[in-house]
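What follows is a short report on a single structure.
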Amino acid sequence: MRTDEFATRELAIRRVAGLTRRLRQIDGAQGTWVTVEGRRTLLLCSNNYLGLANHPALIEAAQRAALQYGVGTGASRLISGSMRPHHVFEQRLAAFKSTEAALLFTSGYHANIGAITALVGREDAVFSDRLNHASIIDGCRLSGARVVVYPHADTAALEASLRSTPARRRLIVTDSIFSMEGDTAPLTNICAIAKRYDAMVMVDEAHATGIVGPHGGGVVEAHGLHADVTLQMGTLGKALGAFGAYVAASRPMIDLLMNTARSFIFTTALPPPVVAAADAALSIIATDADRRRRLQCNAARLWEGLRGLGIDAGRQPGHIMPIRIGDADRTMRISERLLDEGVYVQGIRPPTVPVGTSRLRVTVMSTHTRDDLDFAVDCFRRVLAEES
Ligand SMILES: *Cc1c(COP(=O)(O)O)cnc(C)c1O
């Protein structure tokens, strides 16, 4: 009798449903072209939207920080791990976000579960968009608050549930750009509703930080909502090309998180080289608006190319373009065929997306060339010709 027999059984259930997952090894650094299991392929599924993960300025900043501060922090921030790069960068993030203060977290996952559980508890209610990221869902569950899930981007439904759900404190939480849809939350509307019902608003800018807004500050910046949003969260591992996450908010709110967010308190502080790399990325974002423009141009070019093939890649061009397939097995088959042709597009299946909405999640980078994108469209043409 093996003690891991249950694992084999559980996996078999997932295999039948076409839902088993496996890791694909990437050799070399994260660029627009990567070697996937020995084959050179065009990368069209990374969140390294601005191509900064392998940028010389970030590498140099990390190297310098490693020499000056070492690699590890040796403790949590509240014990002895709170180093100069953390403090300097947090001030800079607060300025970037137009808030009084900011706090670094180990990852976006940590930031979301830590912030939500710090803001609401058993006597409270949290209102969450149905398509919010899993880390938000987990934060809501962990908080013990009453969780009201409203239909995607449906502000009328949100308002109705606020009206009918009394609670000590109420929190509305939403992705700003949705990770698997690529569309944008109706934030201006959400903030107006929040004001009417005296609710807090938390916005997850994981896919908008560095990309949207006149200075890359995100959707909150684009719509001038920083005074209406209680708490802005974002990641440093996507467009910023580094690792980690932040929460930006008022001073009292940040002090509360520092005192009560368990995922901040009980974990080792971020390594200085990682913080320095994110800091260097912020400098690039502040000075190189062209990088954001190139991302938009590339998104438009690929979207048009796919549309020319009759492929629906979302209502409008964006750096995240979902191609709905529906069936999980078919999605993975197309993904495999694209890989054979030299394009790496990952299939996204339940539970990441709702059942029956499996999709290819195509993402562009500002460092893709026109030739890269035309090559991608060609590959899609060949693969879809045999599929239909
Ligand atoms: C990726 C992501 C996170 C988690 O961030 P990590 O730093 O990767 O842990 C949180 N929210 C959204 C919307 C994301 O896409």
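The values are calculated or read from the model by the stated rules, or taken from the named source; none is laboratory data. Here the structure is a predicted model, which is why all the values come from computation and not from measurement. Note that each Cβ is placed from the backbone with ideal geometry, even for glycine, and that neighbours are counted across all protein chains shown.
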So, in the stretch 290-330, how many residues would count as being in a helix (DSSP H, G or I) and modelled with pLDDT of 95 or more?
19
Selection within the stretch 196-230 - crowded, with 24+ Cβ neighbours inside 10 Å and polar (S, T, N, Q):
209
Subset of the stretch 94-114 [assigned to a helix (DSSP H, G or I) and more than 11 Å from the ligand (Cβ to nearest atom)]
94, 95, 96, 97, 114
Return a yes/no flag: does the stretch 152-162 have any residue that is touching a strand residue (DSSP E or B) at 6+ places or on another chain (Cβ under 8 Å), within 16 Å of the ligand (Cβ to nearest atom) and either modelled with pLDDT of 95 or more or not basic (Lys, Arg) (or both).
yes
Say whether the condition of being within 22 Å of residue 126 (Cβ to Cβ), of a type in the set (Ser, Thr, Tyr), at pLDDT 95 or above and away from the ligand (no atom under 13 Å from the Cβ) is met by at least one residue in the stretch 226-235.
yes
Picked from the stretch 238-289 (must be more than 16 Å from the ligand (Cβ to nearest atom), part of a helix (DSSP H, G or I) and of a type in the set (Ser, Thr, Tyr)), the residue surrounded by the fewest Cβ atoms within 10 Å (Cβ to Cβ) is 287
(1) exposed (fewer than 13 other Cβ atoms within 10 Å of the Cβ); (2) over 25 Å from the mean Cα position of the chain (by Cα); (3) modelled with pLDDT under 95 all hold for residue 370 apart from (3)
Among 98, 107, 80, 76, the single one that is under 28 Å from residue 265 (Cβ atoms) and touching a His at 6+ places or on another chain (Cβ under 8 Å) is 98
Within the stretch 171-181, does at least one residue satisfy the condition of being closer than 30 Å to residue 53 by Cα, more than 16 Å from the ligand (Cβ to nearest atom), at pLDDT 95 or above and in contact with a helix residue (DSSP H, G or I) (Cβ under 9 Å, 6 or more places away or on another chain)?
no
Counting only residues that are of a type in the set (Lys, Arg) and under 20 Å from residue 42 (Cβ atoms), which one in the stretch 290-325 is surrounded by the fewest Cβ atoms within 10 Å (Cβ to Cβ)?
307
